[in-house]
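This report refers to the structure that appears directly beneath it.
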Amino acid sequence: MRYGLTSGILWGLDTVILGIALSMVPFIGTAEAVAFAAIASSFLHDAFCAAWLFLYMAVRGRLGDTLAALKTRSGKVVVLGALLGGPIGMTGYVVAINNIGAAYTAIISAFYPAFGAFLAFVVLKERMDAKHFAALVVALLGVMAMGWMSADGEAGGNAALGLAGAAVCVVGWGSEAVLCGWGMRDDAVDNETALQIRETTSALAYAVAVLPAFGAWAFTAEAIPSLATGVVGMAGLAGAVSYLFYYKAIATIGAARGMALNISYSVWAVLFGALLLGAVPTVPEAVCCLVILGGTVLAAADWGELFGRGRTDGAKAPEKR
């Protein structure tokens, strides 16, 4: 469970640092910046993640393992998961933000762990009993409540298109963990090689397909030599380490519980926002944080062990096959 919780903590840090970058020139101030900031920063973030992971794997002498994993069927499944979770899911997220606003997009996209849990049951035969699923639902309600409190009537685009984009986001992000979890059941594809495949695939897909489709390459190229991009690089470092723990969690406790713990990032983002930016949460936000954290822990933990009664639910970590 500690891997999933650590992934959430680091993703919360990543979120705050990325938010700082997006408050800097050239990501603010012009109509072009408003139009392209989200998609350009998403590409730069994944590109930095891929670069950090390349260095990590090179230092460990494991680049050959990644190339070997790519040749397997499981490696190709991870590529598919990367496309769904990276450019496809994120493009849906950006489309939703542009049409229904960030707050409502956050509310809808919070359903991705529930969709992922269902998909994990169908594809991976992972079982989440009633009490664990109820705890997950409580955590998701907390995330939705935080999004609702931040809603400010910012939506003003095509509502149908925005809802469709949010649905694509939910499917993409929920599918990523399940497909990568399936791929990591192969001994040739461990969590580190899977993650390097994921981030490299995502960065290349952004560069080759997504940025040209949005007409955002010129803006991105101009943004690269800025201080803000350096800050994105620091966010990418936190994100890369977060993903290492996230994929480790998926490999050890399963996709459903790994996702449940990962969404605790919304709590840690609030805490890091208070520490780094002085953004003190309101009482309702603090209550939502406690609900989210409690729900995510209860959704992933063995309740017998957590409450000192020994293992009682018969759950066990997924085994490689």
Diffing segment 201-214: the Karplus 3J(HN,Hα) column from phi (6.51, -1.76, 1.60, θ = phi - 60°), in whole Hz with x for Gly and Pro, holds 4, 4, 4, 5, 5, 4, 5, 8, 10, 6, 4, x, 5, 8
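Which trypsin sites (Lys or Arg not before Pro) in segment 27-111 pass both tests, a DSSP loop state and at most 13 other beta-carbon atoms within 10 Å? Intermediate values should be presented prior to the final figure.
Working: sites: Arg60, Arg62, Lys71, Arg73, Lys76; in loops: Arg60, Arg62, Lys71.
Here the trypsin sites (Lys or Arg not before Pro) that fit, given the DSSP loop and packing criteria, are Arg60, Lys71.
Need the full-extension length gain, Arg127 to Met234, defined as separation in residues times 0.36 nm minus the C-alpha distance. One decimal, nm. Don't skip to the end; give the middle numbers.
Details: separation 107, 0.36 × 107 = 38.52 nm, distance 3.69 nm.
Stretched out fully, the Arg127 to Met234 stretch lengthens by 34.8 nm.
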GNM of the chain, Cα pairs under 10 angstrom: of Gly273, Gly86, Gly174, the biggest fluctuation goes to Gly273
A correct Karplus calculation of ³J(HN,Hα) over segment 273-286, with 6.51 cos²θ - 1.76 cosθ + 1.60, θ = phi - 60°, whole Hz and x for Gly and Pro, returns x, 5, 6, 8, 10, x, 8, 6, x, 6, 4, x, 5, 4
Along segment 115-124, Karplus-curve 3J(HN,Hα) (6.51, -1.76, 1.60; θ = phi - 60°) to the nearest Hz, with x for Gly and Pro, reads 4, x, 5, 5, 5, 5, 5, 6, 8, 9
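So, with +1 on the Cβ of K and R and -1 on the Cβ of D and E, and no other charges, what is the size of the charge dipole of the chain about its Cα centre, to the nearest 20 debye? Show your work: numbers first, answer last.
Values: 18 positive and 20 negative charges, 198 e Å.
The calculation lands at about 960 debye.
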In whole angstrom, the spacing between the Cα centers of segment 241-292 and segment 170-227 equals 21
Here the FRET efficiency for Met149 versus Leu276, based on Cβ atoms and R0 = 35 Å and rounded to 0.05, is 0.95
Candidates Val138, Val123, Val16; GNM for the chain (alpha-carbon contacts under 10 Å) flags as most fluctuating Val123
Out of Glu176, Glu32, Glu126, a Gaussian network model of the chain with alpha-carbon springs under 10 Å gives the largest mean-square fluctuation to Glu32
Amide H proximity to Arg127 below 5 Å, modelled H, separation 5+ or other chain, gives none
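Bear in mind these aren't lab numbers, they're just calculated from the coordinates by the rules spelled out. Treat the numbers as computed from the prediction; the structure is a model and nothing was measured. Positions of Cβ are generated from backbone atoms using ideal geometry, with glycine treated the same way; all protein chains shown enter the neighbour counts.
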